[in-house]
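Just below is one structure, and these are the notes that go with it.
Just so it is clear, none of the values below were taken in a lab; they were calculated from the coordinates. Note that this is a predicted model, so its numbers are computed, not measured. Here the Cβ is made from the backbone with ideal geometry for all residues, glycine too, and neighbour counts use every protein chain on show.
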Amino acid sequence: MPNPPPVRLADINIESYIFFGAGAAVAWQLADPGVGRGVARHSQTLRRPFSRLRATMSYIYAVSLGTDEDRATIARHVNRAHVPVQGEGYSAFDRDLQLWVAATLYRGGLEMYELFVGPVPESSREPLYQEAWAFGRTLQVADEQWPPTADAFDAWWESRQLELRVDEEVRAYLHAVLENGAPWYLRPALPLQAFVTRAMLPPHLRQMFALPWTPADEKRWQRFRRWAPRLYWLQPRWLRHLPARYFLRKLRQLGK
């Protein structure tokens, strides 16, 4: 039986389904105490939601779909934005905190692929993981900081669960983001985004953030898992890939 075609980082991140994983990725990032304090105290998401969305998505698209010039442009932009993000117990230039954020981007994309496509073929697992190191490389993370293999990453991720903590400041911030953290024209989609965010988080993280989950929610989630991929793949390619093209175009205009 022939090997399945390889799965690359670009194959995942060019698809708009990754937006469904955005809230869960943010929650995972905030669960690290250093990242949580830095984001809750300095993020512009609630004041300028579209600017924050553009910055995040431009980063993801530049790393996984862009050119070296795109990555240099977004690195300069991110580094400038990170300068004031410092305080007791956190710094946006802390390479360990940056590694955690980069790890959540890799893991979140993986979960979205599994939800909308299926398991990553075993032959693609290691190459895809190695590709994801670019999420840290565009910041200040050295390749040597990453666990050396995909299996080692999974073990590292599990061990990090013991270090996650959420205080009231960070908890309130995530709730505010899930309720209001989008431009006005996207706010009708926030209830669905908040629901998928709650669904994608494991029980211990939902508990940390005081996010409810009921048997009725679980039934709704199973329906979503069954129907959302089918409906998504009915959309034409140009529409599915439109956000990636849009944000990359805007980033390239910024770099001129």
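Here Thr45 passes the criteria (1) surrounded by fewer than 19 Cβ atoms within 10 Å (Cβ to Cβ); (2) assigned to a loop (DSSP other than H, G, I, E, B); (3) touching a residue at least 12 places away in the same chain (Cβ under 8 Å) except the one numbered (1). Do we have Gly34 as assigned to a helix (DSSP H, G or I) and crowded, with 21+ Cβ neighbours inside 10 Å here? So Gly34 fails the test. Scanning region 224-256 for residues that are surrounded by 15 or more Cβ atoms within 10 Å (Cβ to Cβ) and among the hydrophobic types (A, V, I, L, M, F, W, C) turns up Phe224, Ala228, Ala244, Phe247, Leu248, Leu251.
Pairs linking a residue in region 1-27 that is more than 23 Å from Leu178 (Cβ to Cβ) to a residue that is among the polar types (S, T, N, Q), with Cβ atoms under 6 Å and 6 or more positions apart or on different chains, are Asn3/Ser123; Pro6/Ser124; Val7/Ser124; Leu9/Ser64; Ala10/Ser64. If you go through region 90-109 and keep only what is in a helix (DSSP H, G or I) and more than 10 Å from the chain's Cα centre (by Cα), you end up with Arg95, Asp96, Leu97, Gln98, Leu99, Trp100. In region 171-251, counting only helices (runs of 4 or more DSSP H) that sit wholly within it, the ones holding 2 or more residues that are farther than 19 Å from Val117 by Cβ span 190-200, 203-208, 215-232. All of (1) closer than 30 Å to Leu97 by Cβ; (2) touching a residue at least 12 places away in the same chain (Cβ under 8 Å); (3) of a type outside the set (A, V, I, L, M); (4) exposed (fewer than 14 other Cβ atoms within 10 Å of the Cβ) hold for Phe209 with one exception: (4). Quick one: how many residues across region 48-76 are part of a helix (DSSP H, G or I), within 27 Å of Ala176 (Cα to Cα) and either over 18 Å from the mean Cα position of the chain (by Cα) or among the hydroxyl-bearing types (Ser, Thr, Tyr) (or both)? Residues that pass the stated criteria total 5. Restricting region 112-131 to residues that are assigned to a loop (DSSP other than H, G, I, E, B) and of a type in the set (A, V, I, L, M, F, W, C), the residue that is surrounded by the most Cβ atoms within 10 Å (Cβ to Cβ) is Val120.
The residues in region 134-144 that are buried (at least 16 other Cβ atoms within 10 Å of the Cβ) and either outside any loop (DSSP other than H, G, I, E, B) or of a type in the set (Val, Ile, Thr) (or both) can be counted, and the count is 6. Evaluation of Pro84 against the conditions (1) under 29 Å from Ala199 (Cβ atoms); (2) part of a loop (DSSP other than H, G, I, E, B) shows that the sole unmet condition is (1).
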